[in-house]
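In what follows, a single structure is set out as structure tokens and then discussed.
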Amino acid sequence: MFDTAFLDLPALSAAGGEVHLPGSKSISNRVLLLAALSSGSTTVHDLLASDDTRVMLDALREIGCSVDAAGGSSVRITGLGGRPPRSPAKLFLGNAGTAMRPLTAALALLGGEFELSGVARMHERPIRDLVDALRQMGCRIDYLGADGYPPLRIVQAPGVLALAAPIRVRGDVSSQFLTALLMALPLAAGTQDIVIEVLGELISKPYIAITLALLARFGIVVGQQDWQRFTIAAGSRYQSPGSIHVEADASSASYFVALGAIASSTCEPKGITLRGVGLDSIQGDIRFVDAARAMGAVVTGGPNWLHIQRAAPGQGWPLKAIDMDCNHIPDAAMTLAVMALYAQGSSTLRNIASWRVKETDRIAAMATGLRRLGASVEEGADFIRITPPPQARDWKAASIPTFDDHRVAMCFSLAAFNPAGLPVRIQDPGCVAKTFPDYFEALLALAQAPAECIPVICIDGPTASGKGTVAAALARQLGYHFLDSGAIYRVTALAAVRAGLAPDAGNEARIAALAQTLPVRFAGDRVLLGSDDVSQAIRTEEVGVNASRVSAMPAVRAALVALQHGFLRLPGLVADGRDMGTVIFPQAPLKIYLTASAERRAERRHKQLISKGFSASIGDLCAALQARDARDGSRSVAPLTPAQDALVLDNSDLTIDETVARVLAEWQARQPFAVSAQG
């Protein structure tokens, strides 16, 4: 997962391939709570691993449920089965409405003492209508902050409820209020039917359909009349189905449906294939497919898969503008707002008032991002109208604020396929952890961009200048891949010796052949050769000497140039070495030549050796570094010298953090975003 302050997506030109989608957030948290309320144990397969499910699992443990890992993405929940929940308990529920609302209702009916709180935004999301409905029954619930909003305190004696009259709840603010009651009230339906009446229009009916389908899996059949009256039969009792599979998230599928609709495809088979959700999904957001088709996308599918492809020019591409009531797909409809950027004419999304009370005010958030990209936007209480930039030249490189909203971040990533070839910055990309922690990895695995569009930062310099440490830290801050060219040569030397090849001229061709397919990669602070962690093995004196020998072999150097080019992958690369900017990536937009006095570098190397238990003389180290500088600067192949367009940075008097900050500031200053300095 990208947990950087921002993620810069370069201009993306095409996309193709297959993606396996994570489990549905809506289904995951519903199933977890239903399992917790049931008798027996339930194994939940394909559970979404996200912030929202994590806080739900933590809450279930707090109230006395047994939660055990069952391998992979499966978990086993042993339910309360009629036992009272453990209390008093304080439950922190983050920004998960799918945990806060249902747990409030369930705990109020089960009885006990509980405090439910979340992040600041959760304390701005209304819950009054649910609390009012619960208070109709005699539940004691107090607001601990602003009236009508979490945090809440529940102090309830079990079984003391008034259930003869219908329970009334508003349906025009959030369907989660009705879902919460539907999931909780079977706990009280011992000797009498319980009726829920919806006041006003029920929004997001498809989410209620999900709730009813899952209730049936746990033994609860709910009668409903015109989505306004719901009846839970007397004697209803939760029973575990034993095991249940979580369907992939149809809302998350919308981003890849849109991706297939807007991106050209250069590989065979063309387009995007989704696994884990199909046309028979129980989720209402699967109807996003109909909207995408209406805009021109070519979509086919089956029980557990979808395939999406951009239409041919004049036959659905560019996309067609739409005017649509989106009440039935409130979350997925956000994706339509970004698809509208690729449509001819103005698109209007209506009946989306619920956007205002989600993780953020989503109408305002989407309008902000769309305008930054160059679109004209009109917004109202329950609609948004988007007119795309008239021409490619009217698009703008934009830094998109995400307002801690996962769907805003995922939607606007699609703007990187803009016809102007401009990059897009996504602020706080880690917010996607709420529902799809690996979203950007999945997107970038499908996306393609010309090599010249993938950003590279080269950090060259002499031995002990700190270039490796600086480059690794910079890569972490930007979310870019990392290449340590010195380690590449050391790994080659190690691999050659392990293969029985002495590092001499007689084995040059065989070592070069080995180097061409060397399975080396960098994972955090580790250097991996295949699955073997060789981080320490390549730092021995013997490997260092052998690395110098293989680096002098022209065939090996040529093979490793190609290998190093292979590290150039989306979203970008930070490469350190001695010839990154002069030989390997001469087209890099930023080249830093990091240097320091031999005396200062000797002091740094001395500290490193002492910290590892080795004795050393600063004077000897300084002399060795000066000699190494002379050899590197005078060698015939790729001599150590700054690229002509490199920025020479003497960090003799700078800490590593200060050096990283200087390089990052230089990179930021070169970015085209209107608010790049804000990140």
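Work out, step by step, the length gained on full extension between Gln136 and Lys612: first 0.36 nm times the residue separation, then minus their alpha carbon distance; give nm to one decimal. Fully extending the segment from Gln136 to Lys612 adds 164.5 nm.
Per residue, how much accessible area does region 487-575 show when a 1.4 Å probe rolls over the protein heavy atoms, in square angstrom?
Numbers: 4080 Å² over 89 residues.
Accessible area per residue: 46 Å².
Annotation for Ser74 and Leu279: the two label points, set 7 Å from Cα along the Cα-Cβ direction, are 3.1 nm apart.
The lysines whose alpha-carbon is closer than 25 Å to the alpha-carbon of Lys396, local same-chain residues fewer than 8 away aside, are Lys320. Using alpha carbons only, the radius of gyration of region 522-674 set against its Kirkwood radius gives Rg/Rh = 0.96. Full extension of the chain between Asp620 and Ala213 gives 139.0 nm of extra length, using 0.36 nm per residue less the Cα-Cα distance.
When ranked by the protection proxy of mean other Cβ atoms within 10 Å per residue, highest first, what sequence do the peptides 70-79, 456-465 form? Don't skip to the end; give the middle numbers.
Values: 70-79: 17.6, 456-465: 24.9.
Put in order of decreasing packing, that is 456-465, 70-79.
How big is the Cα convex hull of the chain in projection, averaged over all directions, in nm²?
Working: hull surface 132.3 nm².
Reported value for the Cα convex hull: 33.1 nm².
Leaving ligands, DNA and RNA out of it, rank Leu349, Leu161 by accessible area with a 1.4 Å probe, largest first.
On the way: Leu349 0, Leu161 45 Å².
Heavy-atom accessible area, descending, gives Leu161, Leu349.
How large a share of the accessible area of the chain, in percent, is made up of carbon and sulfur atoms when the probe is 1.4 Å and the other protein chains stay in place?
Working: 13220 of 25930 Å².
With neighbouring chains kept in place, the figure for the chain is 51 percent.
Separation of the alpha carbons by more than 32 angstrom is noted, of Lys358/Lys591; Lys205/Lys270; Lys434/Lys607; Lys25/Lys90, for Lys358/Lys591; Lys205/Lys270; Lys434/Lys607. For the set Thr53, Thr191, Thr582, the ranking by accessible area, highest first and with no ligand, DNA or RNA atoms included, is Thr191, Thr582, Thr53 under a 1.4 Å probe. For region 407-531, the Cα gyration tensor yields ellipsoid semi-axes of 36, 17, 15 Å (square root of five times each eigenvalue, largest first, whole Å). On the basis of the beta-carbon distance and an R0 of 60 Å, Glu113 and Ala627 show a calculated FRET efficiency of 0.20.
Under a 1.4 Å probe, what is the accessible area of region 74-229 per residue, stated in Å²? Walk me through the intermediate numbers first.
On the way: 5900 Å² over 156 residues.
Spelled out: the 1.4 Å probe surface of region 74-229, per residue, equals 38 Å².
Helices in the chain, meaning DSSP H runs of at least 4 residues, each add -39500 (n - 2.57). Divided by all residues, the mean residue ellipticity at 222 nm is -10500 deg cm²/dmol. Remark: the Cα gyration tensor places region 262-304 in the oblate category, a/c being 1.5 or greater and a/b not exceeding b/c.
Based on the alpha-carbon gyration tensor of region 146-253 and its eigenvalue square roots a ≥ b ≥ c, which shape applies: rounded if a/c is under 1.5, prolate if not and a/b is larger than b/c, or oblate? Write down the numbers at each step before the final one.
Numbers: a/c = 1.36, a/b = 1.10, b/c = 1.23.
Note, shape of region 146-253 comes out rounded.
Where a ≥ b ≥ c are the square roots of the eigenvalues of the C-alpha gyration tensor, would you call region 27-66 rounded, which needs a/c under 1.5, or, failing that, prolate if a/b is larger than b/c, or oblate? Taking the square roots of the gyration eigenvalues as a ≥ b ≥ c, region 27-66 is oblate.
Residues in region 606-666 average 65 Å² of solvent-accessible surface per residue, probe 1.4 Å, ligands and nucleic acids excluded.
Taking the Cβ-Cβ separation of Arg121 and Glu201 as r and a Förster radius of 25 Å, what is the calculated FRET efficiency to the nearest 0.05? The value I calculate is 0.45.
The values are calculated or read from the model by the stated rules, or taken from the named source; none is laboratory data. Remember, predicted model here, so these are calculated numbers, not experimental data. Because the Cβ atoms are built from the backbone with ideal geometry, glycine has one as well, and the counts that use them run over all protein chains shown. Note: accessible area is taken over every heavy atom of the protein model, side chains too, but ligands, DNA and RNA are not part of it. Shrake-Rupley method; radii C 1.70, N 1.55, O 1.52, S 1.80 Å.
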